[in-house]
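The values are calculated or read from the model by the stated rules, or taken from the named source; none is laboratory data. The structure displayed is predicted, hence computed values, not measured ones. With ideal geometry, Cβ positions are generated from the backbone for all residues, glycine too; neighbour counts draw on all protein chains shown.
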Amino acid sequence: MSASTLLLMTALASTPLVVTMGDGNISGAEVKPYEYRWQQCALNEGVWTNGSPLTERATVIGDHVLRIAQTSSPQTGVTSEVAHYLDRMSLAPIRSEVRFVGPDGATLAKRNWTFGEDGYQAKISQGGQEVEKSGTLSNSMYNAIILGVPLAAIGDWNRPVTMTGFMTQFDATYALTATQTGKEVIEIGGDEVAVRWIDVHWIHNEIGDVYPAGPDASGGRYWITEQSRTDLPRVLRYKTDTYAIEFLPQFCPQEEE
């Protein structure tokens, strides 16, 4: 191999793959219906403390819509029910629905967003009042609260991947750079499962805050299986310096049987 060829290969490996919505680099076609449960925990004064578990269910509606529903019940007794509707192929956001339910089953508040090419329209209902608002978060951006879904759909991790994401709760957009920083093999039920370490660097586009990549930084790391399996979620774990959500326990305290 010539020196010039080696330099070219090195340059290509360090040049990010710029992913834009619908360009074919990410496809949700292989996402099949599933239901899994993750444990959430937070680092408090140097000790990992369990929070509420989160159940996530994926449903395919017709041929064109993927629904990702998440349910968690904090110790306050208020259950949050979140449903994200995505274009099945591109994973472009269509709408998101959030409902907060009290211990008696009554709806305490609702928040709904509908995404289009130019931005979103939202309705927020609470205490008998309804507020409508709009903004620039659009269907050309990935929903970063479920970032593991598009990241798991990327097959080529020979170089960093850049994309734009948003979070509705902060009405914010982010420049995201995801990089495979390593691999490991985890033994599960007698099988060896190959897992990628995907570290994500975040930049808050509106205010410029930076969240560095890695499991001991605020940007975090995703543990994503290389291959899809029917008995495991593609995302086994996400961890930052203060928060973790895990299908397989490592950082969160194990719950008693």
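Restricting to the stretch 54-83, give me the number of residues that are touching a residue at least 40 places away in the same chain (Cβ under 8 Å) and out of contact with any helix residue (DSSP H, G or I) (no Cβ under 9 Å at 6 or more places or on another chain). Result for the stretch 54-83: 1. Within the stretch 116-127, residues that are more than 16 Å from Glu97 (Cα to Cα) and of a type in the set (Asp, Glu) reach partners that are modelled with pLDDT of 95 or more and surrounded by 14 or more Cβ atoms within 10 Å (Cβ to Cβ) with beta carbons closer than 8 Å, at six or more positions or on different chains, in the pairs Glu117/Ser138; Glu117/Asn139; Glu117/Ser140; Asp118/Ser138. In the stretch 27-49, the residues that are part of a loop (DSSP other than H, G, I, E, B) form no Cβ pair under 7 Å with any partner that is among the aromatic types (Phe, Trp, Tyr), whether six or more places apart or across chains. Evaluating Ile145 against the criteria (1) in contact (Cβ under 8 Å) with a residue 40 or more places away in the chain; (2) in contact with a Leu (Cβ under 8 Å, 6 or more places away or on another chain); (3) within 26 Å of Gly219 (Cα to Cα) leaves one unmet condition, (2). Starting from residues that are touching a residue at least 12 places away in the same chain (Cβ under 8 Å) and either on the phi > 0 side of the Ramachandran plot or exposed (fewer than 15 other Cβ atoms within 10 Å of the Cβ) (or both), keep the ones in the stretch 208-225 and report whichever is farthest from the chain's Cα centre (by Cα). Within the stretch 208-225, the match that is farthest from the chain's Cα centre (by Cα) is Asp216. Every test in (1) over 19 Å from Arg67 (Cα atoms); (2) touching a Ser or Thr at 6+ places or on another chain (Cβ under 8 Å) is passed by Phe170 save one, and that test is (2). Listed by first and then second residue, the pairs linking a residue in the stretch 1-26 that is assigned to a helix (DSSP H, G or I) to a residue that is at pLDDT 90 or above and surrounded by 12 or more Cβ atoms within 10 Å (Cβ to Cβ), with Cβ atoms under 7 Å apart and 6 or more places separating them unless they lie on different chains, are Leu12/Arg159; Ala13/Arg159; Ser14/Arg159. For the stretch 28-45, the criterion of a residue being among the charged types (D, E, K, R), touching a strand residue (DSSP E or B) at 6+ places or on another chain (Cβ under 6 Å) and loosely packed, with under 14 Cβ neighbours inside 10 Å is satisfied by at least one position.
Please find, within the stretch 89-115, the residue that is surrounded by the most Cβ atoms within 10 Å (Cβ to Cβ) out of those that are of a type in the set (A, V, I, L, M), touching a strand residue (DSSP E or B) at 6+ places or on another chain (Cβ under 6 Å) and touching a residue at least 24 places away in the same chain (Cβ under 8 Å).
Going residue by residue through the stretch 89-115, those that are of a type in the set (A, V, I, L, M) are 89, 91-92, 94, 98, 101, 106, 108-109.
In the following step, the residues that additionally are touching a strand residue (DSSP E or B) at 6+ places or on another chain (Cβ under 6 Å) were identified as 94, 98, 101, 108-109.
Filter once more, so that each one left must be touching a residue at least 24 places away in the same chain (Cβ under 8 Å): 94, 108.
Working: Ile94: 18, Leu108: 15.
Per the criteria, the residue is Ile94.
Filtered by the rule that a residue be in a loop (DSSP other than H, G, I, E, B) and either among the aromatic types (Phe, Trp, Tyr) or in contact with a strand residue (DSSP E or B) (Cβ under 6 Å, 6 or more places away or on another chain) (or both), the stretch 233-257 gives Pro233, Arg234, Thr240, Thr242, Phe247, Leu248, Phe251, Cys252, Pro253. Could you tell me whether Gly148 is under 21 Å from the mean Cα position of the chain (by Cα), closer than 21 Å to Asp87 by Cα and surrounded by 14 or more Cβ atoms within 10 Å (Cβ to Cβ)? So Gly148 passes the test.
Out of Ala69, Ala83, one residue alone is of a type in the set (Gly, Ala, Ser), closer than 15 Å to Thr168 by Cα, assigned to a strand (DSSP E or B) and touching a strand residue (DSSP E or B) at 6+ places or on another chain (Cβ under 6 Å). It is Ala83.
Taking the conditions exactly as written (of a type in the set (D, E, K, R), in contact with a Lys or Arg (Cβ under 6 Å, 6 or more places away or on another chain), modelled with pLDDT of 95 or more and not in a loop (DSSP other than H, G, I, E, B)), does Lys183 satisfy them or not? Full working, then the answer.
Working: of a type in the set (D, E, K, R): yes; in contact with a Lys or Arg (Cβ under 6 Å, 6 or more places away or on another chain): yes; modelled with pLDDT of 95 or more: yes; not in a loop (DSSP other than H, G, I, E, B): yes.
Against the criterion (of a type in the set (D, E, K, R), in contact with a Lys or Arg (Cβ under 6 Å, 6 or more places away or on another chain), modelled with pLDDT of 95 or more and not in a loop (DSSP other than H, G, I, E, B)), Lys183 qualifies.
One residue alone among Thr162, Thr242, Thr181, Thr168 is in contact (Cβ under 8 Å) with a residue 24 or more places away in the chain and buried (at least 18 other Cβ atoms within 10 Å of the Cβ), and that residue is Thr168.
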